[in-house]
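A.B. asks: Okay, here's the structure, questions in a sec.
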Amino acid sequence: MGKYKVKLDFFKLVKREIRIMLKNFSIIYSFSTFFVIASLIFVFSVNDISYVKIFYKSIVWIVLIFSIMLVSENFLNEDFNDGSLKELQFLGFSEESIMVSKSIAMLVMIMIPMLFLVPLVFVFFQITLYELISLVINLFLATPSLTLISILSSLFSVQLKRNKIIQFVIILPFFIPMIIFTTSTGTSFEGYNLKENQFLILIGIFFITLPVCLMAGRLIMREINK
Amino acid sequence: MIFNLANPLRFQRLIEKIEPITFNIAITLLLVGLFFCFFGSPPDYLQGETVRIMYIHVPCAWFSLMIYSIIALCSIFSIVFKHTLADLISRSCAPIGACFTLATLLSGSIWGKPTWGTWWVWDARLTSELVLLVIYLGLIIINNAYEDKSKADRYSSILAIIGIINLPIIKWSVDWWSTLHQPASISKFSSPSIDPSMLLPLFIMTFSFFFFFISILLVRVRGEIIQRKIEVIRFNRMV
């Protein structure tokens, strides 16, 4: 019985996060707008479209990382400022479940606009269908790790009143391996062979990121609420 | 014995006794080591005189990893036992580690130009070492970002623990990926191994760097202890 109660509570928590996120629809709007404008800036900065075709994956990933990091700040700051982060812990939710629920909500928030934005990327960067499929698989496999790391980075900076750029400085090195593997997957994409295209590495990175981020998140949340 | 020294004040008294000794040993070994580096060891048959950069580069690279391991151990100790001295040591180690990492990258780059024909390659070993430098910088920034020092210590400990992931990547990057950087040759006893005439100055320089690191660390820890004392006095006056 107790087991089911815990399960139900966790889903309630996820539901709460998604509901809050959908209420603040402006976050999704600003995320999408930032993504499109930042991608366009890259396209405009290069005269020859053939270069854009080569670097489309890098551009998409860099823009995605920055947009996620900018959004993740809103996710935690509001909860910290109005005291609901402390309240959730007081109600008995574990730090891990809070972090996972926020990551799931953020994932939903990123994936919804992505469904609309990916065709735009397809048009802007003039990529082939294979490349587009590779990009979509990439996004689905790597975004969970990305959101977890972003949530962690905003946890680091939630108590900082000034100098929020620290958030980027601290956490950007941890994006480097992800950037390396996500951008290298697309270049050799032929057919749908998962093994050959290092997609499994992205899954592996997720399984490393998940426990590390949860452990670190738990420690930081305890420190925040002291 | 160890638990007695874990008290910052007792440790400060010990530092005052040890620090001049370690510094003198470091300087003596450095002078002997430099003599052997320039006059006591032959130039490499392939690399020529540029091989002498190795006597700086290799110890720096070892210490960049060793110092991070110390930070990580102190961080674990700090989180588990909440001990101030562990925080002080990890806080003091971060800038020293960053300097060693920077020295590794710079000396490697200077060696790379005549040997590889380029200052920098996006090689797995070089990239992971660069990531280590960025992590060190992150730790330094965190240490100075928060007004509450205990909070800063806790956050930097967490970041240091996350950063441990990078250490095995640096160590085994040359085995896991096909890199331009050569695999481990110092710890390798089978042929081709390093010549004893080159091994001697390398070890002297390593010991010299070790004592130099210890003396700098002790000075920094003493500085941190004094700074915290001043903060406590200021706080008491305000109250």
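A.B. asks: So what does the Cα-only Debye profile of the range A:2-224 read at q = 0.07, 0.11, 0.15 Å⁻¹, as log10 I(q)/I(0), no solvent term?
C.D. replies: With one equal scatterer per Cα and no solvent, log10 I(q)/I(0) is -0.23, -0.57, -1.01.
A.B. asks: Within a 10 angstrom radius of each residue's Cβ in B:214-226, how many Cβ atoms of other chains show up on average? Whole number is fine. Provide the component values of the computation, followed by the final result.
C.D. replies: Values: counts 0, 0, 0, 0, 0, 0, 0, 0, 0, 0, 0, 0, 0.
The mean count of partner-chain Cβ atoms within 10 Å per residue comes to 0.
A.B. asks: I've got another one for you. At 7 Å along Cα-to-Cβ for each site, give me the label-to-label distance between A:L160 and B:V32 in nm.
C.D. replies: Roughly 4.6 nm, to one decimal.
A.B. asks: Quote the Stokes-Einstein diffusion coefficient, in whole µm² s⁻¹, for the protein assembly as shown, based on the Kirkwood radius over alpha carbon pairs, a temperature of 4 °C and a viscosity of 1.567 mPa s.
C.D. replies: Values: Rh = 25.0 Å.
Translational diffusion coefficient: 52 µm²/s.
A.B. asks: Could you please rank B:F207, A:F174, A:F90, placing first whichever residue has the fewest other Cβ atoms within 10 Å of its Cβ? Each step should come with its number before you reach the end.
C.D. replies: On the way: B:F207 17, A:F174 24, A:F90 11.
Result, fewest neighbours first: A:F90, B:F207, A:F174.
A.B. asks: Can you give the relative contact order of the range B:54-181 as a percent, counting alpha carbon pairs under 8 Å and 6+ residues apart?
C.D. replies: On the way: 142 pairs, mean separation 39.4, N = 128.
Relative contact order of the range B:54-181: 31 percent.
A.B. asks: Would you mind ranking A:I41, A:I180, A:I28, B:I170 so that the residue whose beta carbon has the fewest other beta carbons within 10 Å leads the list?
C.D. replies: Taking fewest neighbouring Cβ atoms as first place, the list is A:I41, A:I180, A:I28, B:I170.
A.B. asks: Okay, next question. Determine, from the Cβ-Cβ distance of B:L73 and A:F44 and an R0 of 35 Å, the FRET efficiency 1/(1 + (r/R0)^6), rounded to the nearest 0.05. Let's see the in-between values first.
C.D. replies: On the way: r = 49 Å, r/R0 = 1.41.
Here the calculated transfer efficiency is 0.10.
A.B. asks: Expressed in nm to one decimal, what extension gain is obtained for the pair B:Q47 and B:E231 from 0.36 nm per residue of sequence separation less their Cα-Cα distance?
C.D. replies: Numbers: separation 184, 0.36 × 184 = 66.24 nm, distance 5.34 nm.
Gain on stretching B:Q47 to B:E231: 60.9 nm.
A.B. asks: Semi-axes, largest first, in whole Å: what does sqrt of 5 times each Cα gyration tensor eigenvalue give for chain B? Before the final figure, lay out each step's value.
C.D. replies: Values: eigenvalues 258, 95, 41 Å².
Over the Cα atoms of chain B, the ellipsoid semi-axes are 36, 22, 14 Å.
A.B. asks: Suppose a student asked you for the relative contact order of chain B, using Cα pairs under 8 Å spaced at least 6 residues apart; what percent would you report? Each step should come with its number before you reach the end.
C.D. replies: Working: 256 pairs, mean separation 80.6, N = 239.
Reported relative contact order: 34 percent.
A.B. asks: Mind giving me the nanometre distance, one decimal, between the label points for A:L210 and B:T179, set 7 Å out from Cα along Cα→Cβ?
C.D. replies: Those two pseudo-labels are separated by 2.9 nm.
A.B. asks: Give me a single rounded figure for A:170-182: the average over its residues of other chain Cβ atoms within 10 Å of their Cβ.
C.D. replies: What the average comes to for A:170-182 is 4.
A.B. asks: Separate question: Mind checking the full-extension length gain between A:V118 and A:Y130? Use 0.36 nm per residue of separation minus the Cα-Cα distance, one decimal, nm. Walk me through the numbers on the way to the answer.
C.D. replies: On the way: separation 12, 0.36 × 12 = 4.32 nm, distance 1.31 nm.
3.0 nm is the gain from fully extending A:V118 to A:Y130.
A.B. asks: Using r as the Cβ-Cβ distance of B:N24 and A:I203, and R0 as 60 Å, what FRET efficiency do you calculate, to the nearest 0.05?
C.D. replies: 0.65
A.B. asks: Among the listed pairs A:K57/B:K113; A:K86/B:K149; A:K23/B:K151; A:K102/B:K229; A:K15/B:K151, which have their C-alpha atoms separated by more than 29 angstrom in this model? Each step should come with its number before you reach the end.
C.D. replies: Values: A:K57/B:K113 31 Å; A:K86/B:K149 22 Å; A:K23/B:K151 33 Å; A:K102/B:K229 41 Å; A:K15/B:K151 32 Å.
Over 29 Å apart, Cα to Cα: A:K57/B:K113; A:K23/B:K151; A:K102/B:K229; A:K15/B:K151.
A.B. asks: Another question, if that's okay. Sum up the charges of everything whose Cβ sits under 11 Å from the Cβ of B:C74, counting Lys and Arg as +1 and Asp and Glu as -1, but leave B:C74 out.
C.D. replies: Working: positive: B:R91; negative: B:D87, B:D153.
Taking every other residue near B:C74 into account, the sum is -1.
A.B. asks: 7 Å from Cα along Cα→Cβ at both A:S30 and B:F39: what's the point-to-point distance in nm?
C.D. replies: Using points 7 Å along Cα→Cβ, the separation is 6.8 nm.
A.B. asks: Estimate the FRET efficiency between A:E78 and B:D148 by the formula 1/(1 + (r/R0)^6), using the beta-carbon distance for r and 35 Å for R0, to the nearest 0.05. Could the numbers behind the result be given before it?
C.D. replies: Values: r = 22 Å, r/R0 = 0.64.
For R0 = 35 Å, the calculated efficiency reads 0.95.
A.B. asks: Still on this structure, I have one more. Span-like helices, chain B: DSSP H, alpha-carbon axial extent 27 Å or more, mean Kyte-Doolittle -0.5 or greater, which ones? It would help to have the intermediate numbers written out before the result.
C.D. replies: Numbers: long enough: B:8-35 (39 Å, 0.99); B:54-81 (39 Å, 1.87); B:84-116 (47 Å, 0.71); B:124-145 (31 Å, 1.57); B:196-238 (62 Å, 1.03).
Helices passing the filter in chain B: B:8-35, B:54-81, B:84-116, B:124-145, B:196-238.
A.B. asks: Order of B:R91, B:R52, B:R228, B:R13 from fewest to most other C-beta atoms within 10 Å? Kindly include the intermediate steps, with their values, before the conclusion.
C.D. replies: Working: B:R91 25, B:R52 19, B:R228 15, B:R13 12.
The most exposed by this proxy come first: B:R13, B:R228, B:R52, B:R91.
A.B. asks: Now a separate question. State which helices in chain A qualify, where a helix is a whole DSSP H run, it must extend 27 Å or more along its own axis by its Cα atoms, and its mean Kyte-Doolittle hydropathy must be at least 1.6. Spell out each step's value before the answer.
C.D. replies: Details: long enough: A:2-23 (31 Å, -0.22); A:25-45 (30 Å, 2.04); A:49-81 (47 Å, 0.99); A:95-124 (42 Å, 1.91); A:129-157 (40 Å, 1.64); A:166-187 (33 Å, 1.70); A:199-224 (36 Å, 1.97).
Qualifying helices, which must be both long enough and hydrophobic enough, are A:25-45, A:95-124, A:129-157, A:166-187, A:199-224.
A.B. asks: So, one more: Among A:V136, A:I176, A:I151, pick out the residue whose Cα is farthest towards the positive end of the charge dipole of the range A:2-224, where Lys and Arg carry +1 and Asp and Glu carry -1 on C-beta, about the Cα centre.
C.D. replies: Value computed over the given set: A:I151.
Here, each number is a calculation from the coordinates, and none is a lab measurement. Just so you know, these numbers come straight off a predicted model, no measurement behind them. Positions of Cβ are backbone-derived with ideal geometry, glycine not excepted, and every protein chain shown enters the neighbour counts.
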